[in-house]
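Please read the structure below before turning to the comments.
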Amino acid sequence: MQNSIARAGKSKAPLEKIMNVLFLVCGLAAVVSVVLISLYMVLSGAPAIAKIGPLQFLAGQIWNPEAKEFGILPLILSSVTATGLAVVVAVPAALCVAVFLTQIAGKRLASALLFLVELLAGIPSVVYGLLGAILIVPLVFQAQTALGLPMSGSLLSASIVLVIMILPTIISVSVSSIHAVPRQYNDVSLALGSSKMQSIVRAVIPAAKSGIVSGIVLGVGRAIGETMAVMMVAGNAPIMPEFLKPARLLTVGISMEWAYSSGIHREALFGIGLVLFAFIMVINVLLSTILKKGGARK
Amino acid sequence: MTKITTENLHLHYGENHALRGINMLIRPNKITALIGPSGCGKSTYLKTLNRMNDTVPGVAITGSVLLDGEDIYGSTVDVTKLRKKVGMVFQSPNPFPMSIYDNVAYGLKIHGIKKRLLMDEIVERSLRGAAIWDEVKDRLKTPALALSGGQQQRLCIARTLAVSPEVILMDEPTSALDPISTMKIEELMSELAKQYTVVIVTHNMQQAARISDYTAFFLLGEMIEYDETQQIFASPKDPRTENYITGRFG
Amino acid sequence: MSNSITGKRKRPGDILLYGVIGLFTAAVFAMTVYFVVYIFSKGLRGLSLAFLTTAPNPIIGTLGILPSIINTAYIILLTLVFAVPIGVGGAVYINEYAKSRKLIRVIEFTTETLSGIPSIIFGVFGNVFFCVFLNLKVSLLSGALTLTIMVLPTIIRTAQEALKAVPVSYREGAAGLGASKWTMIRTILLPNASGGIITAVVLSVGRIVGESAALLLVAGGSAMYLPRGSFFQQIQSSGSTLAVELYRYAYSRGENEVGFAIAALLLIIVIGLNLAVKLIGKRINRGAK
């Protein structure tokens, strides 16, 4: 029957089936990538850590590949210190900018300034590294000379560069979470006789809290993972962290020696990768918990 | 003679028993109106007739719907062929963001008609069939979204006609339109019934009374009464139908 | 009169806060502008035609970044060829096909995770997996494959937003005319999401152009010569992109002049891409009205 609604062939149109499978494969690409990356990070990093000894690796204070000494405590502490300092400085500054953009500036000005924020976010890390090396490192030199320390790249320089690099992340996430606060929160607060600034501090920012916190966590992730810019300003000596002395961060620990490492040395670098990866996964889980909580409250 | 036969049709959305044993014979080349208060299942029933409920998550359907004697829920049915044969016009006009011409030609293209001349001919015939040809013939290449709401709805009817359906389902097709556009579409429907079987869901009882040949009254997922329109409106058999028609509830 | 509603004096605490906010904001934006001006003032004069269109020549002692420009172009092209279909396809799967909420949540969580992994980790993984395990060596191809994973979250998320913005009524209209799912996706969904997909491409290009740490490990750290041989030979050889080249000149060799010239070029590209995103966004908004 020419006009029948029955299928011509036996089964569903083959093209439909093929496309269904193809889309599924694409959908699973991210899942497969994360699984593969986790697998390879563990498979290549864990044996090294086992060989060196977890305690010697994680708590060892001396990194000397020639002497087969692979302690990364200085790297871990340097990463944590640099990130911590950067976040402590960047968060208040970013919040101020976010409040200005969302509550004080007019529409025109805000959109022009947001463009600058996006530009700041888009500048490649190597460019930040170059700017840091030319503009920030010499400033720190003055402090070093004053204190009789040798002039070099330093943990402080790295932190300053990180502040600048995580600013746009925290600003833009904060801006969008403040935008998401229902207008009535602000209106109610104003109607109760608060000043505009009181409303912002007491009503708007608390309502945007989970968004702002997730912005901060994202910033932490970005800071702890940054490599090139930090490598270009930090001096990169694997010693325990002091602000005005050179410091080597975890990321730099991998990239600096990658090209000429081999054998157990290369494996140790995989070990650093695994430690860094563990940090990042903790941050990711933290982030998704915050987001879920924030979402649940809405 | 029947075009569509519905037998003991039940439909569940998860926990919600939305259709409760519908039995109904829809006659060819007639206009059948489905009336009833909101949530009574009339739209849900309409959508089972071309399986537009299939994609709703958690939907379960039992019973049968026969179109020209073929079970449309049978395992060998090609849903795209079914929907070509049973076209649908939606509540608010939903032309694609393309030109007027491309909107009407869309169905032809996806069903493999590529010859330009044939396409031109069918587009014109469909637009004439939907009583909109004179208004748009000079601007077929302009965006469909620039048309007025009433014109958009007639364009959507033309788009449906282009794939030469046998049944046209209309889900409150005039509820988003102004009175003048509504009148035009009502006139068009009587015209369409000469060639097609039309099933229309409407909130507007006057509309059902004006245009339809048969009327079915739905309430809480059940079909309460189904008869010739004149009969239903003149002397309904079920008191619930009477209450609804006289406006005592709903 | 303490109960009067007149009097415009602000609370002292408010004034202090306004001051702090103004100060920080001014500092951040002054710094941004200063950076841009500084880079251009130091770098633009280095961007001569010869610098842009030649390879370095150690014999006569001239510098040129043409090889790294070509490498960058290759990596952008290859990455997009791999990543755009996969990313858009993934977004289509989440939005149109996936029925299990659980699977969607897993996909979205892993996508988030991917976007949080730092480039150096991608570098290590890419080196072990693509260069060594798949034996693709340190090459432009390995670089592009690594970057494919890196830009995937951006493409998936941006495309997903664009797909969500396509009205359900369009999908119903197409289905009502007897369009199969793939036909509907091909003829209605993707054309209507094209603005978002182009945005995704532009954002990805930005990420690719700026990437350095991962590429240093998987694609190579120098660009002395123009690529040679067939296309396939070219993409299987190693080479550095502009950003990696900047690092090499400025850090390894201390040639800051060259570094700033490349920085200026990168900045021009970044500003161009940001403007493009803005323009596309405006066009999409206008289309929606």
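Tabulated values for the structure
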| item | result |
| --- | --- |
| Spin-label model distance (nm) - residue B:194 vs residue C:233, 7 Å beyond Cα toward Cβ | 7.5 nm |
| Estimated FRET transfer efficiency (residue A:20, residue C:271; beta-carbon r; R0 41 Å; 0.05) | 0.45 |
| Rounded percent of accessible protein surface that carbon and sulfur make up, the range C:2-44, 1.4 Å probe | 70 percent |
| Number of partner chain Cβ atoms within 10 Å, mean per residue of B:125-138 | 0 |
| The range B:165-250 - percent of accessible surface contributed by carbon and sulfur, probe 1.4 Å | 50 percent |
| Partners for residue B:141 among lysines (Cα-Cα distance below 26 Å; same-chain residues under 8 apart left out) | B:84, B:109, B:114, B:115, B:184, C:282, C:289 |
| Prolate/oblate/rounded call for the range A:34-163, Cα gyration tensor, a/c under 1.5 rounded | oblate |
| Protein accessible surface hidden between C and A, which excludes ligands and nucleic acids, total in Å², probe 1.4 Å | 6600 Å² |
| Whole-Å distance, taken between Cα centres, linking the range A:228-295 and the range C:24-56 | 29 Å |
| Hits among aspartates and glutamates - C-alpha to C-alpha of residue B:85 under 14 Å, sequence gap 8 or more where chains match | B:68, B:70, B:71, B:166 |
| Protein accessible area in the range C:47-288, 1.4 Å probe - carbon and sulfur % | 64 percent |
| Pairwise FRET efficiency - residue C:135 versus residue A:142, Cβ, R0 = 51 Å, nearest 0.05 | 0.50 |
| Cα centroid of the range B:173-229 to Cα centroid of the range C:128-188, whole Å | 44 Å |
| Fraction of the pair-distance distribution of the range C:47-288 above 35 Å, Cα-Cα pairs, percent | 23 percent |
| Accessible surface, 1.4 Å probe, highest first, among residues C:109, B:233 | C:109, B:233 |
| Reachable lysines from residue A:292, criterion Cα separation under 19 angstrom, eight or more residues apart if same chain | A:209, C:102 |
| Estimated inter-spin distance, residue C:41 and residue B:220, nm [label 7 Å along Cα→Cβ] | 8.2 nm |
| Candidate residues B:196, B:13: accessible-area rank, largest first, probe 1.4 Å | B:13, B:196 |
| Accessible-area ranking of B:114, B:47, largest first, probe 1.4 Å | B:114, B:47 |
| Solvent-accessible area buried by pairing B with C, both sides, nearest 100 square angstrom, 1.4 angstrom probe | 1400 Å² |
| In Å², nearest 10: area of residue A:88 left accessible to a 1.4 Å probe | 100 Å² |
| Relative contact order (%) - chain B, alpha-carbon pairs under 8 angstrom, separation at least six | 28 percent |
| Hypothetical label at residue C:62: residues of the range C:30-53 whose amide nitrogen lies under 19 Å (7 Å Cα-Cβ projection) | C:45-53 |
| Trypsin sites (Lys or Arg not before Pro) lying in DSSP loop within the range C:58-132, provided at most 11 other Cβ fall within 10 Å | C:99 |
| Placed amide H near residue B:29: partners under 5 Å, 5+ positions off or other chain | B:197, B:198 |
| Value of relative contact order over the range C:106-162, rounded to a whole percent, pairs C-alpha under 8 Å and six or more apart | 41 percent |
| Per residue accessible area of the range B:199-250, 1.4 Å probe, in Å² | 50 Å² |
| At most 13 other Cβ within 10 Å, DSSP loop - trypsin sites (Lys or Arg not before Pro), the range C:240-281 | C:253 |
| Structure-based [θ]222 nm, chain C - -39500 (n - 2.57) summed over DSSP H runs of at least 4, per residue, nearest 500 | -22000 deg cm²/dmol |
| Cα centroid of the range B:1-66 to Cα centroid of the range A:169-226, whole Å | 49 Å |
| Ellipticity estimate at 222 nm from DSSP helix runs (n ≥ 4, -39,500 (n - 2.57)) divided over chain A, nearest 500 | -23000 deg cm²/dmol |
| Estimated dipole of the range C:204-289 in Debye, rounded to 20 [Cβ of Lys and Arg +1, of Asp and Glu -1, Cα centre] | 660 debye |
| Nitroxide proxy distance, nm - points 7 Å out along Cα→Cβ at residue B:142 and residue B:120 | 2.1 nm |
| Residues in the range C:252-276 that, when all protein chains are in place, have 40 Å² or more less accessible area than the chain alone would give (probe 1.4 Å) | C:260, C:270, C:274 |
| Accessible area expressed per residue, the range A:54-297, with surrounding protein chains retained (probe 1.4 Å, Å²) | 40 Å² |
| Chain A: relative contact order in percent, alpha carbon pairs under 8 Å with at least 6 residues between | 26 percent |
| Accessible area (Å², 1.4 Å probe, nearest 10) - residue A:73 | 40 Å² |
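The values are calculated or read from the model by the stated rules, or taken from the named source; none is laboratory data. Treat the numbers as computed from the prediction; the structure is a model and nothing was measured. Virtual Cβ from ideal backbone geometry, glycine too; neighbours counted across all protein chains shown. For accessibility, only protein heavy atoms count, side chains too; no ligands or nucleic acids. Shrake-Rupley method; radii C 1.70, N 1.55, O 1.52, S 1.80 Å.
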